[in-house]
Amino acid sequence: MQSANTLLRKIVRSSVPPFAAQHGMKKDLFPLRTLSLSLCLKQDKSCEPSEKLDLDEWKKVMKSGLQEEVSETVSEPKELSSLAAARETLEMWRLAGRAVPEKMSEDQIKTFMECPSKSAKKKYLKFLHLKELYKKNDKRKAEEKRERKLEAQDQASKTDEPKRSPFVCLWSSTMDKAYNWRAAQSMIFGQPLVFDMSYEKEMSVREVTNTVRQLVLSESCNRRSVDPFHIHFCNFKHDSLYEREFIKHYREAWDKLLITVTDQCYTEIFPKDKLIYLTADSPKVMKTFDHDKIYIVGSMVDKSIKTGVSLARAKRLGLETAALPLEKYLLWNTGAKNLTLDQMMHILLTLKDTADWKKALEFVPKRKYCGFVNKPVKELKKTLDLINMLKLGKGREKVEKQFAKNYPKKYKLK
């Protein structure tokens, strides 16, 4: 048994130090290992001589234990020491007055450590510092807004006067009843006005949304007028994009609107000889407002200005068309002569009440025209054509001759 113990000591002394040197272990760790081994050997003296030691298994166990201890003692302190060093560096930079955030997470510190250069680290810290300042500023503004709101609520609660007087509430409810009564009368005795709702496929979702918004404004304007139209939404499909957008605007009031909504075409409801389709592409100009006719307006908003769509539809149905006399009364500047649906509603309501084209065309956006016509249209048109030709610089001599024929000699071109 003593020979076996001496053999084990020789094996341990010859095998463990090279293994430890290979894995970077210190020499101080091995006296403990040899001491524990000697204790085990002393305890083994009481064992029976028939027991045998498996030296290969013992070596495997020793090697696995040493590897685990080496990995635990080497890897963990390196990470902890690097994080601690990074935190110390950040604290020193903060005390030095550099742009360093007050709080940084471990991921941000690791990202800071992975920066390739010192300038990159400074830029990253500056970015985090600015981000922290923005957050603090937003939080401060939210708190100030909340405090102002609470102060306003306190002041409103302290004052005895209500926000709206009973007279104002009574007046608004009475006027709503009066408007609804007029709209109800228009459904029986009023002149019909048709909105053609068959252009959903011609528009994008955004254009349909804009169309519905303009129709809501048109209905509101019509309901508040002295003599409102009886509005018809024809070719209106159930569960269409039009309907969904209307429900978003009106909600529960959609089913209570005093208008006629139908999926039938207007040619099936009204006689064709009374229908006039209003379109800017029509060659025929509308001279006067006819109270016996039924005007049709295409419910379409097209950003790309698709010309001829409504005119082609009216021709397919064999309907009469008309365009507003914009050039007759307005010095048109540039751009298309298409108007929004609420502008058309204002113009038609004014024509119905006053029959005055100048009053009605005041609802045309002022950016589209220079002013109202004060001279005969032909002379103004010739003048505008001459000015445009002079601007282009084409045929100046021909233009001067034409100008001399049409105007007195005292007017000369320079």
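The values are calculated or read from the model by the stated rules, or taken from the named source; none is laboratory data. Note that this is a predicted model, so its numbers are computed, not measured. Backbone-built Cβ (ideal geometry, glycine too); neighbour counts: all protein chains shown. For the accessible areas, the whole protein counts, side chains as well, though only heavy atoms, and no ligand, DNA or RNA atoms are used. Shrake-Rupley method; radii C 1.70, N 1.55, O 1.52, S 1.80 Å.
Of the residues that sit in region 241-300 and are basic (Lys, Arg) and touching a strand residue (DSSP E or B) at 6+ places or on another chain (Cβ under 7 Å), which one is surrounded by the fewest Cβ atoms within 10 Å (Cβ to Cβ)? Applying the filter and picking the extreme gives LYS284.
For region 93-105, the set of residues classified as in a helix (DSSP H, G or I) and loosely packed, with under 10 Cβ neighbours inside 10 Å consists of LEU95 only.
Has region 264-281 got at least one residue that is more than 29 Å from ASP353 (Cβ to Cβ), modelled with pLDDT under 90 and not polar (S, T, N, Q)? No, there is no match, as no residue in region 264-281 is more than 29 Å from ASP353 (Cβ to Cβ), modelled with pLDDT under 90 and not polar (S, T, N, Q). Listed by first and then second residue, the pairs with beta-carbon distance under 6 Å, at least 6 apart or on different chains, first residue in region 127-139 and within 13 Å of GLU102 (Cα to Cα), second at pLDDT below 90 and not in a helix (DSSP H, G or I), are LEU128/PRO101; HIS129/ALA99; HIS129/PRO101; GLU132/PRO101. Just one of the listed residues (PHE195, PHE229) is within 33 Å of the chain's Cα centre (by Cα), closer than 18 Å to TYR295 by Cα and open to solvent by less than 60 Å² (accessible area, probe 1.4 Å), namely PHE195.
Matching residues to (1) in a loop (DSSP other than H, G, I, E, B); (2) small (Gly, Ala, Ser); (3) more than 26 Å from GLU362 (Cα to Cα):
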position: ASP263; (1), (2), (3): yes, no, yes
position: GLU268; (1), (2), (3): no, no, yes
position: VAL301; (1), (2), (3): yes, no, no
position: ARG313; (1), (2), (3): no, no, yes
position: ARG316; (1), (2), (3): no, no, yes
position: ALA322; (1), (2), (3): no, yes, no
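Being assigned to a strand (DSSP E or B) and out of contact with any Pro (no Cβ under 6 Å at 6 or more places or on another chain) is the requirement here; does VAL216 meet it? So VAL216 fails the test.
Take the residues in region 321-362 that are of a type in the set (Val, Ile, Thr) and open to solvent by 60 Å² or more (accessible area, probe 1.4 Å); name whichever of them is nearest to the chain's Cα centre (by Cα). Explain how you work it out, then say what you get.
Of all residues in region 321-362, those of a type in the set (Val, Ile, Thr) come to 321, 334, 340, 347, 350, 354.
Filter once more, keeping what is open to solvent by 60 Å² or more (accessible area, probe 1.4 Å): 334, 354.
On the way: THR334: 31, THR354: 42 Å.
Residue satisfying both the conditions and the ranking: THR334.
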